[in-house]
Amino acid sequence: MLPINQLCTLNCPTEGIQLSDQHLSQYADDGVLLVKNLFDPEELLPIRNDLAGRLSLLERHFGCDVSEDANEITQISDRLMRLETQAPGAQSILYDSMNAAPSLHAMGTNLKLMSVLEQLLSPEISIHDRYIILMSMPHAEWHLASWHQDWYYNEGPHSTITLYAPLQKTDHHNGSLTFALGEHQKAPIPHDEHDHGITTKWHSLPTDVVHDFERVVPTALEVGDVLLFHSLVPHTPCKNESNYVRFVLNLRYRDLRDPQFLKDGWRIKEITRARQAMQRTAS
């Protein structure tokens, strides 16, 4: 495994983000860009407020103790785990409701973020209709995505970029991502049921393919850091071994100038097999 410092990294200036030729070239080679301090941590407060407000509604609905305005990330984590214990399935309700949270939609068009994306893609960009807050519960496996490519689950242009922005410090201990750099330059890899040491609903890459990845690099992010990566870059999260839920803002951006995407009328066909896998429940 390569050291973390091998990851293409941009230290975000206070004004005017301009990617250098070196950054653009390394992103083309690696498929991953880490932008340090892209967001001010205070810019993530509205997301925490939306999480906290929805939790209060669910706590009240399910007859649990209500914690008003407890919006620190550790408080949100404790509240969610307590609620899920008392009302199984509440986490899924919260997850789905955040898709329509105003804070996520506002953050998705953050001007600094869009400036970087337009340099990596083009000025004409569409945002995937799923605005996601990933919620990795401590020690859980069923919802943990082992080695995969995002394109398998979303399709569209291969150049589609995934945004990964944690709401708390994220490293190998609580489930950070590990990437296989440069593998996006190859054709999409077939996904299926494969054993990567966890029991998960996700389809994944063959273990022999993963074994042959040559440039594997881990990541560690502070609040405000953002990972941007190509939809064909294989990656996997670590298992969350902490005592807190790991929360991550997760969005996807498509290039409307992509010739095939334009030819398809910017429409995505039904992705049946991947969707069926994601709908499975733990036995």
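The values are calculated or read from the model by the stated rules, or taken from the named source; none is laboratory data. Remember, it's a predicted structure, so these values are computed and weren't measured experimentally. Counting neighbours? That spans all protein chains shown, and the Cβs are built from the backbone with ideal geometry, glycine included. Note: areas computed on protein heavy atoms with side chains; ligands, DNA, RNA excluded. Shrake-Rupley method; radii C 1.70, N 1.55, O 1.52, S 1.80 Å.
Among the residues of region 1-24, just one is assigned to a loop (DSSP other than H, G, I, E, B), open to solvent by 60 Å² or more (accessible area, probe 1.4 Å) and β-branched (Val, Ile, Thr), namely Thr14.
Among the criteria (1) in contact (Cβ under 8 Å) with a residue 60 or more places away in the chain; (2) closer than 19 Å to Leu249 by Cα; (3) buried (at least 18 other Cβ atoms within 10 Å of the Cβ), the one Ala106 does not fulfil is (3). Asp208 - would you say it is out of contact with any Lys or Arg (no Cβ under 6 Å at 6 or more places or on another chain), charged (D, E, K, R) and under 21 Å from Val248 (Cα atoms)? No; evaluated as a whole, the condition is false for this residue. I need the full set of residues from region 35-55 which are open to solvent by 10 Å² or more (accessible area, probe 1.4 Å) and not basic (Lys, Arg), in order please. Result: Asn37, Asp40, Pro41, Glu42, Glu43, Leu45, Pro46, Asn49, Asp50, Gly53. Close Cβ contacts (under 9 Å, 6 or more residues apart or on different chains) running from residues in region 251-276 that are modelled with pLDDT under 95 and basic (Lys, Arg) to residues that are open to solvent by 30 Å² or more (accessible area, probe 1.4 Å) and in a loop (DSSP other than H, G, I, E, B) comprise Lys269/Glu155.
Table: residues versus (1) touching an Asp or Glu at 6+ places or on another chain (Cβ under 7 Å); (2) closer than 22 Å to Leu117 by Cβ.
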| position | (1), (2) |
| --- | --- |
| Met135 | no, no |
| Pro157 | yes, yes |
| Ile161 | no, yes |
| His173 | yes, no |
| Leu205 | no, no |
| Gly224 | yes, yes |
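Of everything listed in (1) within 16 Å of His148 (Cβ to Cβ); (2) modelled with pLDDT of 95 or more; (3) touching a strand residue (DSSP E or B) at 6+ places or on another chain (Cβ under 9 Å); (4) of a type in the set (D, E, K, R), the single unmet condition for Asp208 is (3).
Any residue at all in region 227-243 that is outside any strand (DSSP E or B), free of Cβ contacts under 8 Å to residues at least 12 places away in the same chain, farther than 24 Å from Arg273 by Cβ and open to solvent by 30 Å² or more (accessible area, probe 1.4 Å)? Within region 227-243, none of the residues are outside any strand (DSSP E or B), free of Cβ contacts under 8 Å to residues at least 12 places away in the same chain, farther than 24 Å from Arg273 by Cβ and open to solvent by 30 Å² or more (accessible area, probe 1.4 Å). Take the conditions (1) at pLDDT 95 or above; (2) surrounded by 14 or more Cβ atoms within 10 Å (Cβ to Cβ); Ser67 misses just one of them, which is (1).
Is at least one residue of region 189-197 within 23 Å of Thr74 (Cβ to Cβ) and of a type outside the set (Val, Ile, Thr)? No, every residue in region 189-197 fails to be within 23 Å of Thr74 (Cβ to Cβ) and of a type outside the set (Val, Ile, Thr). Selection of region 164-198 for residues being part of a loop (DSSP other than H, G, I, E, B), out of contact with any helix residue (DSSP H, G or I) (no Cβ under 8 Å at 6 or more places or on another chain) and open to solvent by 20 Å² or more (accessible area, probe 1.4 Å) yields Lys169, Asp171, His172, His173, Lys186, Ala187, Pro190, Glu193, Gly197, Ile198. Selection of region 121-160 for residues being hydrophobic (A, V, I, L, M, F, W, C), over 20 Å from His203 (Cα atoms) and either open to solvent by less than 20 Å² (accessible area, probe 1.4 Å) or in contact with a helix residue (DSSP H, G or I) (Cβ under 9 Å, 6 or more places away or on another chain) (or both) yields Ile125, Ile127, Ile133.
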